[in-house]
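A quick write-up on the structure given underneath.
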There are 2 protein chains.
Amino acid sequence: MAHSLAPQIIGLDWGTSTLRAYLLADGGAIVESAARPWGIQHVPDGNFAKMLSDTIGGWQIRHAGLPIIASGMIGSRGGWREVPYASCPVDPATLAAGLLTVESINGCVHLVPGVIQRGTIPNVMRGEETQILGALAREPQLADHSLAVLPGTHSKWVLVRNGLIESFSTHMTGELFAILREHSILGRPARETSLQKSDEVFLRGLSAARDAKDEGISARLFSTRSLFLTGELPAEHTLEYLSGLLIGEEIRSALATQDTASLPPIVLIGDGALCSRYQMCLTEFGARQVRLLEDTAPHGLWLIARAHGLV
Amino acid sequence: MAHSLAPQIIGLDWGTSTLRAYLLADGGAIVESAARPWGIQHVPDGNFAKMLSDTIGGWQIRHAGLPIIASGMIGSRGGWREVPYASCPVDPATLAAGLLTVESINGCVHLVPGVIQRGTIPNVMRGEETQILGALAREPQLADHSLAVLPGTHSKWVLVRNGLIESFSTHMTGELFAILREHSILGRPARETSLQKSDEVFLRGLSAARDAKDEGISARLFSTRSLFLTGELPAEHTLEYLSGLLIGEEIRSALATQDTASLPPIVLIGDGALCSRYQMCLTEFGARQVRLLEDTAPHGLWLIARAHGLV
């Protein structure tokens, strides 16, 4: 059915590790899509134009003259061209006003600015703003007041009010997990065995973080080691426990100043499996209204393009 | 002067990265000492006997028949022989009762057990127990009630009461700093420049952790990156800020359930420069009575040896 829609724009969600390209019809409906492992850290010789051409060249032969819009780390210092951040609060019009273009053999590419929250503890995002605005377009009842959570390497917790991205924080949970697994003493037993999944052990780690209350996991992290040494945590389960500890600390911290009874609706945006895991965790922390959305970047790209008059 | 004392025992503080050997006289007074980079992770072919012989052979020629006692990771699973942990609370007599011996060409080596605190979040130490008991011997007024802090790769916070090591916690601050510096995005700017010392920037990181209160540094860690991106933190200062954040979180967490006005006296044990830095930090957190002690292992080894009847 989708193939009968008329393509109007090419949207790119171009991040650190992956380039996702979408041929989009009215409203951001996906006609075709492609994913390539050419995140900005994996583009040979920084030749972004070539990677783009390889990815969308076929679409352009069939559909000449479509505008191109791209969000994500492609607009960062290490990307194609650095696009200055837009300051919170932002909506599609704010981002559209900040679009910068680069020329390529495939035509002009409009780069979406990232978002900055200034202050003593500044925060920045690139790409998530587009996913969030897309989520609000798909679930308009979230626009008034909600908490958007985008779990991952650098998880974002984003407060949405009146259709605007109002404020946000960053938790380096995914990166911490990866470097602890690869380089710390906590990951050593797992590096020498084959792993086993265990929701039970994961939840044990989550509870340890939750029960630490305002002490945080500073004095809990090492229990991944001590429980292994005492034989209470088998090597094949150590990473489940560590993952539970780290995600637990992220959620504990993010909700520390909130009354869970009066939390706004929470929407988890991103990879389905990871979001499901976070949904389970949020429930353990007493959150009630939690929904999941995947692939919201295309809708966000469409909204920004429309606000700029590209479509 | 010290050279006129009669050697009575050889004491070893044999850790992960360093082997420290002491020729000890009455009371643990140091007659001679040696430090070698042969921590248990750096002993070729696991030949501990050879490394020992190279280190203390000369002393044994001059002073035949001295007993040998060793504390630290040498008694761990990856050491010479695994010595079962003694359970909290412990004193020199408890540890003396748990000594295990290994035979070597240099004679019998008595290995001091590490200490375990059992429970949902177990904790273990090997070597620190000996340093702490040595500190109490040198400053007897600390024995009644004090908090011993041993900063490092795995910092230990140890509650002492009535001359006993009563309970303790572990904070992986040093290891976290090292892996974040080497492997995370936070360490990247520093890896590409030469560093500069700055107590001011260090204290800025410390304050950020302290002011986060019960939210902890989960949402603060990334500010090492965002402050760099916004030009507010030069590359050459990023590690000072990160160090402040991590040490700040350790202290915040350790004192979270304490009323700083009623803290027991604190004693920092270990490397002088690191302990001085922690002393400055503890003062920032409102702690009043903080003293520093270095090289306390020899006194601890002496006490345990005496409790066992070796001297």
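Matching residues to (1) in contact with a helix residue (DSSP H, G or I) (Cβ under 7 Å, 6 or more places away or on another chain); (2) assigned to a helix (DSSP H, G or I); (3) surrounded by fewer than 16 Cβ atoms within 10 Å (Cβ to Cβ):
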{"residue": "B:Gly27", "(1), (2), (3)": "yes, yes, yes"}
{"residue": "B:Ala34", "(1), (2), (3)": "yes, no, yes"}
{"residue": "B:Asp45", "(1), (2), (3)": "no, yes, yes"}
{"residue": "B:Ala49", "(1), (2), (3)": "no, yes, no"}
{"residue": "B:Gln60", "(1), (2), (3)": "no, yes, no"}
{"residue": "B:Arg77", "(1), (2), (3)": "no, no, yes"}
- Query: Which of the residues that make up the stretch B:141-175 are among the small types (Gly, Ala, Ser) and over 12 Å from the mean Cα position of the chain (by Cα)?
  - Reply: B:Ala143, B:Ser146, B:Gly163, B:Ser167, B:Ser169
- Query: Any idea which residue in the stretch A:161-175 is farthest from A:Thr130 (Cα to Cα), counting only those that are within 14 Å of chain B (Cβ to nearest Cβ) and among the hydrophobic types (A, V, I, L, M, F, W, C)?
  - Reply: A:Met172
- Message: Can you find, within the stretch B:73-102, the residue that is farthest from B:Glu166 (Cα to Cα) among those that are charged (D, E, K, R) and at pLDDT 95 or above?
- Response: B:Arg81
- Can you confirm whether the stretch A:176-192 contains a residue that is away from chain B (no Cβ under 11 Å), within 21 Å of the chain's Cα centre (by Cα) and either under 30 Å from B:Asp259 (Cα atoms) or not charged (D, E, K, R) (or both)? yes
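So that you can scan it fast, the table gives a plain yes or no per residue for (1) of a type in the set (Gly, Ala, Ser); (2) in the same structural domain as A:Ala148 (by TED's automatic domain parsing):
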position: A:Ser243; (1), (2): yes, no
position: A:Glu249; (1), (2): no, no
position: A:Ala261; (1), (2): yes, no
position: A:Gln289; (1), (2): no, no
position: A:Leu301; (1), (2): no, yes
- Report yes if A:Val124 is β-branched (Val, Ile, Thr) and within 14 Å of another protein chain (Cβ to nearest Cβ), otherwise no. yes
- Return the residue satisfying two criteria in turn: it lies in the stretch A:193-209 and is of a type outside the set (Gly, Ala, Ser) and not in a helix (DSSP H, G or I), and of such residues it is nearest to the other protein chains (Cβ to nearest Cβ). A:Thr193
- Item | Residue list for the stretch A:253-274, filter: within 14 Å of another protein chain (Cβ to nearest Cβ) and either crowded, with 24+ Cβ neighbours inside 10 Å or more than 27 Å from A:Leu293 (Cβ to Cβ) (or both) | A:Ser253
- Message: Among the residues of the stretch A:179-198, are any under 11 Å from A:Gly244 (Cβ atoms) and in contact (Cβ under 8 Å) with a residue 60 or more places away in the chain?
- Response: no
- Note on the structure: When the stretch A:210-247 is checked residue by residue, the ones that are within 16 Å of A:Gly174 (Cα to Cα), facing chain B (nearest Cβ under 10 Å) and free of Cβ contacts under 8 Å to residues at least 60 places away in the same chain are A:Ile217, A:Leu221
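Within the stretch B:3-21, is even one residue in a helix (DSSP H, G or I) and under 30 Å from B:Glu139 (Cα atoms)?
Looking for residues that are in a helix (DSSP H, G or I) and under 30 Å from B:Glu139 (Cα atoms), one finds at least one in the stretch B:3-21, hence yes.
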- Query: Restricting attention to the stretch B:78-100, and to residues there that are touching a strand residue (DSSP E or B) at 6+ places or on another chain (Cβ under 8 Å) and charged (D, E, K, R), which single residue is farthest from B:Gly39 (Cα to Cα)?
  - Reply: B:Asp91
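The values are calculated or read from the model by the stated rules, or taken from the named source; none is laboratory data. The model shown is predicted, which means the values in this text are computed figures rather than measured ones. Reconstructed Cβ throughout: ideal geometry from the backbone, glycine too, with neighbour counts over all protein chains shown.
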